[in-house]
Amino acid sequence: MAKSLEEWQRNVVDPVKDKPLRWLSERHFFRDPLRPVFSDTNFFFSPADGIIVYQKTLQPDECLVDIKGKPYSLKEAMRDDSYAHESIVIGIFMTFYDVHINRIPFPGTLSYKELDPIESYNHPMLALENALVHESRIDLNAAGFLHNNQRMLNRVFSSELGQSYYILQIADYDVDSITPFRLQQNFPFMQNQRFSQIRFGSQVDLILPLSGKFDFTLTQETGVHVEAGVDPLIRITEKQPAPPRAGSNGARP
């Protein structure tokens with residue numbers, strides 16, 4: 001279940017932090033532990049293990065994060081100037097100590113697109129990881145990688161919601177480190193089914209356009225550590241029809 005940064009560090013990081021890097025790389029990083037598979041379409045579950053570094057509702061051209069005075073918007077994140085939906089955005093930073101298997105937070109049909117790189121190399125995520133792991137704080141000024149790094153935009157269409165949502169995977173220093181498990185496009189996935197892996201440090205953003213039919217309510221606090229397929233991030237409730245106004249029952253005055 002969701003843990004504070006301090007609790008996660010004590011229970012997960014401290015037991016292995018003195019292990020050699022080779023052991024961490026070979027035996028710890030690529031682990032894929034068995035987990036109960038929850039199915040509850042009243043919620044969006046976390047698509048990734050990691051720490052929630054931001055969660056906001058905003059317009060596509062609004063500033064999601066200000067990184068040393070350089071604004072970073074949803075349009076920039078998705079690299080799509082035509083994106084026009086007010087959306088909830090939840091950013092989950094995956095440290096080297098996290099399980100790096102990503103899961104589908106709500107059932108639907110997935111298609112994916114690797115976005116064109118801005119530069120020929122990725123920027124390391126180590127500065128933000130050090131702040132999270134060693135100082136138990138979020139330092140978004142260290143998130144310059146958001147402007148540049150390799151990313152995969154996964155679009156999931158949900159017939160139950162009548163709309164699409166997006167899972168944005170952002171890679172760390174190594175390129176070509178996002179590995180879809182199914183190369184077939186428009187493939188149906190169940191809720192919390194594994195769909196991809198990102199090697200080494202990385203970030204996953206859940207992007208959910210607002211709906212005219214449903215209300216979406218955040219269920220976690222920024223700064224907590226969540227697990228993919230285990231911790232719900234968003235509660236879904238059907239909008240209630242507005243009560244009729246006085247005198248609007250069709251009767252003549």
Taking 0.36 nm per residue of sequence separation and subtracting the Cα-Cα distance, how much length would be gained by fully extending the chain between SER159 and HIS28, in nm to one decimal? 43.4 nm
Which one, THR95, GLN59, ASN148, projects farthest toward the positive side of the charge dipole computed for the chain from Cβ point charges (K/R +1, D/E -1)? GLN59
Mean shadow of the range 73-198, computed from the convex hull of its alpha carbons, in nm²? 8.2 nm²
I need the calculated FRET efficiency for the pair HIS134 and ARG79, taking r as the beta carbon distance and R₀ as 35 Å, to the nearest 0.05. 0.65
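Taking the Cα centre of the range 90-184 as origin and charging only Cβ (+1 Lys, Arg; -1 Asp, Glu), how large is the dipole, in debye to the nearest 20? Don't jump to the answer; show the numbers that get you there.
Values: 6 positive and 11 negative charges, 81 e Å.
Computed about the Cα centre, the dipole is about 380 debye.
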Specify the residue with the greatest mean-square fluctuation among GLY50, GLY223, GLY212, computed from a Gaussian network of the chain linking alpha-carbon atoms under 10 Å apart. GLY212
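If you count, for each residue, the other Cβ atoms within 10 Å and average over each peptide, how do 34-42, 82-90, 195-203 line up from highest to lowest? Provide the component values of the computation, followed by the final result.
Working: 34-42: 10.9, 82-90: 17.0, 195-203: 22.1.
By packing density, highest mean first, the sequence is 195-203, 82-90, 34-42.
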Check cross-link reach from LYS113 to the aspartates and glutamates: straight Cα distance under 14 Å, and skip same-chain residues fewer than eight apart. ASP80, ASP176
Separation in nanometres of the label points that stand 7 Å from Cα toward Cβ, at LEU210 and PHE181: 3.4 nm
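Work out, step by step, the length gained on full extension between THR222 and ASP66: first 0.36 nm times the residue separation, then minus their alpha carbon distance; give nm to one decimal.
54.5 nm
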Which distance in Å, rounded to a whole number, links the C-alpha centroids of the range 8-55 and the range 141-192? 18 Å
Pairs of Cα atoms under 8 Å, at least six residues apart: use those to get the relative contact order of the range 76-226, whole percent. 35 percent
Could you pull out every residue, at least 5 positions away or on a different chain, whose amide H is within less than 5 Å of the one on TYR54? Hs are placed 1.01 Å off N in the peptide plane, and Pro or chain starts have none. GLY91
Which aspartates and glutamates have a Cα less than 15 Å from the Cα of LYS3, not counting those fewer than 8 places away in the same chain? ASP14, ASP49, ASP98, GLU221, GLU227, ASP231
Expressed as an acute angle from 0 to 90° and rounded to the nearest 10, what is the orientation of the C-alpha long axis of helix 126-135 relative to the principal long axis of the chain? 90 degrees
List the lysines whose Cα lies under 24 Å from the Cα of LYS68, skipping any in the same chain that are fewer than 8 positions away. LYS56
In the Gaussian network model of the chain, springs joining C-alpha atoms below 10 Å, which of GLU129, GLU26, GLU76 carries the largest mean-square fluctuation? GLU26
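Every number in this text was worked out from the coordinates using simple rules, so none of it is lab data. From a predicted model like this one, the values you see are computed outputs, not experimental measurements. Neighbour counts run over all protein chains shown; Cβ positions are idealised from the backbone, glycine included.
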